[in-house]
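Derivation of every value follows stated rules applied to the coordinates shown; laboratory data play no part. Quick caveat: nothing in here was measured; it's all calculated off a predicted structure. Backbone-built Cβ (ideal geometry, glycine too); neighbour counts: all protein chains shown.
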There are 2 protein chains.
Amino acid sequence: MTQITIPARRGKAAFVAAGQVVTVINTHGEQVVDTWAFNRHDMAEFMSMEHSRATHHHLIPHVGDALLTNKRRPILTLIEDTAGGVHDTVMAACDRYRYEELGCTEYHDNCTDNLAEGLAALGLTPPETPSPLNLFMNIPWTAEGELSFDPPVSTPGSYVRLRAEMDLVIAFSACPQDILPINGTAGKPTEAHFTIT
Amino acid sequence: MTQITIPARRGKAAFVAAGQVVTVINTHGEQVVDTWAFNRHDMAEFMSMEHSRATHHHLIPHVGDALLTNKRRPILTLIEDTAGGVHDTVMAACDRYRYEELGCTEYHDNCTDNLAEGLAALGLTPPETPSPLNLFMNIPWTAEGELSFDPPVSTPGSYVRLRAEMDLVIAFSACPQDILPINGTAGKPTEAHFTIT
């Protein structure tokens, strides 16, 4: 089975047929992977965290949960998770504005641009930047609703498996965040990998 | 001060100048009001829950928090809240697909269409349906991230005040949800009101 690389700080997209399984591997253990999915036949229909939460009723999807599109149709189902069940659905993809907010004065790689570049390599354009499924990202919440950006709890080689419920385009970004500790306290974004079987 | 009506089950939009204050009144006490804001001069820039949470670090905005656009610029600041501080930022606006999922076989009023109709009355079109600020909506979470759709805790006449940080278009929908108890256990959506001062 061929592992496809999501290069450090970059995006990568691929076509997936209904029924295939995408395995997203946190190769080095501390890398957040922003994940999007679009209906292969209609890019305007895409995986939506806000629509998914309204149906599965979880801040983080559980094994067995379907992720829904903005038309409330299943597009991916989470079928296995060896990464500790800690992911994020509430934070936007990072973007040039985020890094400006964090003090950057020059261009910084970012997940929003990575989504566009990953899709562009397939000749596609995102209709917008949907709020991503941030795999391996650790955003704990308190009873009072306080949120924080914490290092991942996943381990090297841990993975999630997602079953495609329709023909789709999947897109990933190996998040280039190196200012906050969400890719580990060392602030060293790494590559990650995926397979389609 | 003129109160503007958000009719029961319908949408309403208005122009707001930078520095003006919008007061959203839960007139009858149990009505969810989906709320959106767009840059008056560029509808492609709009209030975004996922971008706001990444900066204010709260599942529900607190008094003093700025709501940010998808360019991470403040568009509204929550300056007063007499409604118990219970609102929602994690659920999508209801739409035809939601009511189909809930068993409706005929058209049901919905917040997504109400956004479009409210803006259309001003000659505007939403670039997409951003995930709304669901004022007065009670979506509690547990330590495990379980979510539920509960009746409002707000009281008749309670309100929130939002200060405009740029020239903007504000849009509201008096949520027509009458299947789940989010507009009260009676399932009777009502009107709400707002002022601009």
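Annotation for region A:103-166 versus region B:19-75: alpha-carbon center distance of 23 Å.
Taking the inverse of the average 1/r across all pairs of different Cα atoms in region B:75-176, what Kirkwood radius in Å do you get? Before the final figure, lay out each step's value.
On the way: mean 1/r = 0.0648 Å⁻¹.
By the Kirkwood definition, the hydrodynamic radius is 15.4 Å.
If I take all pairs of Cα atoms in region B:124-197, what percentage of them are more than 16 Å from each other? Don't skip to the end; give the middle numbers.
Values: 1680 of 2701 pairs.
Value for region B:124-197 (Cα pairs over 16 Å): 62 percent.
Taking region A:105-153 on its own, what percent of its Cα-Cα pair distances exceed 11 Å? Don't skip to the answer; put the middle values down first.
Details: 908 of 1176 pairs.
Here the long-distance tail beyond 11 Å is 77 percent of all Cα pairs in region A:105-153.
Between this copy and the others, label points of A:Glu128 are 0.5 nm apart in ascending order, each placed 7 angstrom from Cα in the Cβ direction. Contact order for chain A, expressed relative to its length and based on alpha carbon pairs under 8 Å spaced 6+ residues apart, stands at 45 percent.
Over all Cα atoms in region A:1-71, the spread is summed up by Rg and Dmax: 13.6, 35 Å. Taking other C-beta atoms within 10 Å as the exposure proxy, B:Glu146, A:Glu191 rank B:Glu146, A:Glu191 from fewest upward.
Restricted to Cα atoms, chain A shows a radius of gyration and a Dmax of 15.3, 45 angstrom. Could you run the Debye sum over the Cα atoms of the protein assembly as shown, one equal point scatterer each and no solvent, and tell me log10 of I(q)/I(0) at q = 0.08, 0.11, 0.12 Å⁻¹, two decimals? One equal scatterer on each Cα of the protein assembly as shown leads to -0.39, -0.76, -0.90.
In nanometres, what is the gap between the two model label sites at A:Asp42 and B:Ala17, each 7 Å from Cα along Cα-to-Cβ? Those two pseudo-labels are separated by 4.3 nm. Over the protein assembly as shown, dividing the summed -39,500 (n - 2.57) contributions of all DSSP H runs of at least 4 residues by the number of residues returns a 222 nm mean residue ellipticity of -3500 deg cm²/dmol.
Would you mind estimating how fast region A:38-123 diffuses translationally, via Stokes-Einstein at 37 °C and 0.692 mPa s with the Kirkwood radius over Cα pairs, in µm²/s? Present the calculation step by step, with values, prior to reporting the outcome.
Values: Rh = 14.9 Å.
The calculation lands on 221 µm²/s.
Straight-distance candidates among the lysines for linking to A:Lys71, with alpha-carbon spacing under 28 Å and chain neighbours fewer than 8 residues away dropped: A:Lys12, B:Lys12, B:Lys71, B:Lys188.
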